[in-house]
Amino acid sequence: MVVESRNFNFSTEDSSATNPNANNSVRDSLVYSEKSELSGTGHTVVAVFLGVILLLGFISNFFVLLLFARFQVLRTPINLILLNISVSDMLVCIFGTPFSFAVSLYGRWLIGCKWYGFANTLFGIVSLVSLAVLSYERYSTILSHTKADPSDNKKAWLAIAGTWLYSLVWTVPPFFGWSSYGPEGPGTICSVQWHQRSSRNISYVTCLFIFCLLLPLLLMVFCYGKILFFIRGVAKTNRLSAHQRETHVLVMVVSMVSCYLLCWMPYGVVALLATFGHVGLVGPTTSIVPSILAKSSTFLNPIIYMLLNNQFYRCFLAFMSCGSEPTGSHTLCTLPSSRVTGPNGNSPCPRGAWYIPWYMQAPGQ
């Protein structure tokens, strides 16, 4: 089955051939795609954006993985969650973006559309849920005034396994009739078929929006909001660099939540409009822009969640200078906020230790 989109022919034959039950859903998607043609120039522009995102996402996440492999000091429980985010983003760069990029250039699918939709939805949800888990870990560690054992990775691995299991729970059902995967927008991307109006699809899209997008966002806002209020309280009793601490955390929190909203909320809103709005409300441009924004999170996440972390920044400097250890020390002193200074106003960190400010570090290190 082939859809003519001006100078581009989008084929989904391999997808439907491997799953005969997918014929009806694919046919519905093709009818939708015929009504939402995108010009050859439009596909070229999409290919350029996808190419840039692919390049930036692969390089940034590869560099993060390289830092993890290079520096033993980064292998702490909370950093494993950051690693999980980077791995899921890297998988999107490997199994997702290159194929939609190729489709935009050559006009045909190189792999099954249903597999593409499943894989990208799975990796995207893993990344989103991991960001929510990270916010909760920071919230629970900072407000509990405790220092986690940096050598105990059991809870971190359980949390990581939980993110993948949770994501599988929401991405496998389309293979068993609860919604389906198929061409999206102009046909260059495959995802959940938002435009189908069946009761099963509507219920699935609603649940996906609530439990995989809205719920993680609310958890992030709650946790980072609590952290910010806590910092303001600490600033009143500890005048040493109080303004700098509060400003830095405010910038980090605003960056984190803003990145989440910028990358994923447009995609979620457009999906709801395609599901509940009138037919033809969501055109090719309207549908492709949010999808590109969502994929841009693959290179924004490493910048915000990694490079704004002081520990990663020091390791980055050490790597760029070909150093064996981060500049400053071979020892880490990572204390909760209530212990930034000792009882006599002196720092409790041993002389010469590498002190990671609590508001910049990943808690538990």
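Please state, rounded to one decimal and in Å, the Kirkwood hydrodynamic radius that region 61-101 gives when every pair of distinct Cα atoms enters the mean of 1/r.
10.9
In which sequence would 139, 166 go, from the one with the fewest C-beta neighbours within 10 Å to the one with the most?
In increasing order of surrounding Cβ atoms, one gets 166, 139.
Read the figures in this text as sums done on the coordinates, not as results from a lab. Since this is a predicted model, take the numbers as computed values, not measurements. Using ideal geometry, Cβ is built from the backbone for each residue, glycine included, and neighbour counts are taken over all protein chains shown.
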